[in-house]
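Taking it in order: structure first as structure tokens, then the write-up.
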Amino acid sequence: MAMLEIRDLNKYFGGLAAIKDLNLDVFNSEIVGLIGPNGAGKTTFFNVITGVYPPTLGSVLFMNQDITGLKTYKIAQFKIARNFQDSILFMKLSVLDNVVAGFHGNYKKAEWKSFMYIPSARKEERAAKRKALEILEFMGLASLKDELAANLPHGHQRILGICIALATNPKLLLLDEPATGMNPEETSNLIMLVKRIRDNGITIILVEHDMQAVMNLCNRIVVLNYGRKIAEGLPDEITKNEEVIEAYLGREEDYF
Amino acid sequence: MLLKYKINSPLKRLIGLLSLGVILISLPFLIRSPYYLHLVIMACINIVLAMTFSLMFSAGLITLGAAAFWAIGAYASTVLVMNLGISFWLALPFAGMIAGIFAFAFGLIIVRTPGFIFVMETFVINMMVVHAFGHITQLGGWGGICGIPRPGAITIPFIYQITFATKIPYYYLILLILLMTVIVFYALHSSRIGTAWRSIKLNPGLAQTLGINLFRYRVMVFTIASAFAGLTGSFYAHYYETIEPETFIIFKSLYIQIYGILGGLNFYILGPTIGASIMTFAPEFLRITQEYEPIYTGSMLILLAIILPGGILSIPERISALSRQNKVKKVKQ
């Protein structure tokens, strides 16, 4: 049984089909790559899954539960997390506070207990701070923990975005172009980190243009073009697929 | 930011608090004039109202309707005591709750559209409430209600009976209410609820992906803030012994916002305290007559916007930023 089942997903914006007749399964503990030219519908796909807008048609099942069209905060309760292409952070907070904010859904003690200064609740919050620090160490940002998020260089901001997503303790992590704007060294580092995240039991859907990252990380690759799935398979198969090559070479950029 | 200027040594903190406590407790006996004591009492009321504004602001909501819930509390308490014969001491919390319930009901409708629309909707609520009280003759209409009874005497067994014959017991009562508000609001701001509010304020989209239910937290902050405004309304009604719709017009809500801006919107407790105090006392000490008071306030607001948008409490930070700039210039030379 798949962790995530997408059935006949369609998303239209007016007359424009951003996603058309998409069927996809994502299984536990795998890293699925989602690639395709710009505008192929990859970010729309993420947005539909995470409830930014509902699909026009089709269904999304997560762990056998129908999450189609649910609001974003409800879907977060199902432990699906994502990062964003433009670094979406709490700019005025410190790096550490950013990650701590991510723990919101993970507290076991009731909220009013926190207000009443009940020790067990406040203890949980201190533990959350420690866990946040662990995540920062895991991702290599610990030395910057008190720095204002707005002051971080771009690459670090993207990693911070991933840290915040990790703080929610997700089962499924949607990574939206995490390697954009990174030099080869940073990309290698990112690849290692993503592998580690998967090794910690988190299933990942990775949207990326950087082929080094995609080839290194993904168990399977799904290719979208103009909102449709045009290929799905092992990395080696995909690089040889004629339709895929044409989709990319038909555009200005040369990714291979 | 709650108490950004933290005094780290616990001993210093204790001494500071104790000194402050001594001053506050002995204040009525240091200020001989009932008129100035009246100003202090009004300042306390304004501080609480300003804090309710800051509470909502910490969640990203700007309200121009604080005076409306102040009004609802005042009128509710008056009706409870004068028409239903309930003791003031029961009417006080009830008035707060009634104001909170109204805010809850309004909130369910207007909180879905945060931002500018929300501000306008609170503006409209304020106008509606004032006009409602003005047109309902049973509530005194535009002339208002006078002769509102004072709080009943408190009897401390075997020791003393506190009657509200002078301003002094009123002062201690509002001081108590102010203290309680500070404690409750500080607890809220420093708890997970406060963190959720600030997340919503900084980045609602991101907050949602972290599981924060924007609607719920926004309704919550609106309800709590308005309930405390209503509580102060009850005090005000039985202190002033008169209430009229004119007191609660939109200008008051605007002033409440200015109390917050003047002090510093990033400081949720100290900011309102400083801003409300200054604006309550300054017109007196500057000998500004009531007609010209809006000119003073307006000019001050414009100056603030140009020179000091962060309010008074942002001055230390601006100074240190300037000195850092100067150091850089010196190094360059």
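Brief remarks on what is shown
- Residues located in region B:179-216, provided they are more than 9 Å from every other protein chain (Cβ to nearest Cβ), more than 25 Å from A:LEU175 (Cα to Cα) and in contact with a helix residue (DSSP H, G or I) (Cβ under 7 Å, 6 or more places away or on another chain): B:THR181, B:PHE185, B:TRP197
- Tally of residues being over 27 Å from the mean Cα position of the chain (by Cα) and small (Gly, Ala, Ser) across region A:119-139: 2
- All positions within region B:49-60 that are more than 10 Å from B:GLY260 (Cβ to Cβ) and in contact with a Pro (Cβ under 8 Å, 6 or more places away or on another chain): B:GLY60
- Across region A:1-37, the number of residues qualifying as more than 21 Å from A:ALA76 (Cβ to Cβ), touching an Asp or Glu at 6+ places or on another chain (Cβ under 8 Å) and in a loop (DSSP other than H, G, I, E, B) comes to 1.
- Pair list, Cβ < 7 Å and 6+ apart or interchain, from region B:1-19 residues that are modelled with pLDDT under 80 to residues that are not in a loop (DSSP other than H, G, I, E, B): B:LEU2/B:TYR186; B:LEU2/B:HIS189; B:LEU2/B:SER190; B:LEU3/B:LEU270; B:ILE7/B:ARG13; B:ILE7/B:GLY16
- One residue from A:LYS171, A:LYS131 being within 13 Å of A:ALA81 (Cβ to Cβ), surrounded by fewer than 21 Cβ atoms within 10 Å (Cβ to Cβ) and touching a Phe, Trp or Tyr at 6+ places or on another chain (Cβ under 9 Å): A:LYS171
- Unmet requirement for B:TRP197, which otherwise passes all of (1) touching a strand residue (DSSP E or B) at 6+ places or on another chain (Cβ under 8 Å); (2) open to solvent by less than 20 Å² (accessible area, probe 1.4 Å); (3) not small (Gly, Ala, Ser): (1)
- Annotation: of all residues in region B:137-149 being more than 13 Å from B:ALA74 (Cα to Cα) and open to solvent by 70 Å² or more (accessible area, probe 1.4 Å), the one that is nearest to the chain's Cα centre (by Cα) is B:TRP142.
- First in region A:202-226 and under 21 Å from A:MET182 (Cβ atoms) and touching a residue at least 12 places away in the same chain (Cβ under 8 Å), second anywhere and assigned to a strand (DSSP E or B) and open to solvent by 10 Å² or more (accessible area, probe 1.4 Å), Cβ under 6 Å, 6 or more apart: none
- Among residues of region A:93-117 being outside any helix (DSSP H, G or I) and surrounded by 15 or more Cβ atoms within 10 Å (Cβ to Cβ), the one that is farthest from the chain's Cα centre (by Cα) is A:LYS109.
- Test: A:VAL223 is assigned to a helix (DSSP H, G or I) and at pLDDT 90 or above: no
- One residue from A:ASN28, A:ASN38, A:ASN64, A:ASN47 being within 14 Å of another protein chain (Cβ to nearest Cβ) and of a type in the set (S, T, N, Q): A:ASN47
- Yes/no for A:ASN28 being open to solvent by 60 Å² or more (accessible area, probe 1.4 Å), in contact (Cβ under 8 Å) with a residue 60 or more places away in the chain and not hydrophobic (A, V, I, L, M, F, W, C): yes
- When region A:34-64 is filtered for residues that are under 12 Å from A:GLY227 (Cα atoms) and open to solvent by 60 Å² or more (accessible area, probe 1.4 Å), the ones remaining, listed by number, are A:ASN38, A:GLY39.
- Hits in region A:71-90 - residues which are facing another protein chain (nearest Cβ under 7 Å) and open to solvent by 40 Å² or more (accessible area, probe 1.4 Å): A:GLN77, A:ILE88
- Pairs, first within 14 Å of B:ILE72 (Cβ to Cβ) and touching a residue at least 24 places away in the same chain (Cβ under 8 Å) in region B:233-245, second open to solvent by 10 Å² or more (accessible area, probe 1.4 Å) and among the aromatic types (Phe, Trp, Tyr), C-beta under 7 Å, six or more apart: B:PRO245/B:PHE133; B:PRO245/B:TRP142
- Residue satisfying condition, being surrounded by 15 or more Cβ atoms within 10 Å (Cβ to Cβ), within 14 Å of chain B (Cβ to nearest Cβ) and either assigned to a helix (DSSP H, G or I) or at pLDDT 90 or above (or both), within set A:GLU125, A:GLU186: A:GLU125
- Restricting B:ILE86, B:ILE41, B:ILE31 to residues that are open to solvent by less than 60 Å² (accessible area, probe 1.4 Å) and under 16 Å from the mean Cα position of the chain (by Cα) narrows the list to B:ILE41.
The values are calculated or read from the model by the stated rules, or taken from the named source; none is laboratory data. This structure is a prediction, so every number in the text was calculated from the model and none was measured. Neighbour counts run over all protein chains shown; Cβ positions are idealised from the backbone, glycine included. Areas reflect the complete protein model, heavy atoms only, side chains present, ligands, DNA and RNA absent. Shrake-Rupley method; radii C 1.70, N 1.55, O 1.52, S 1.80 Å.
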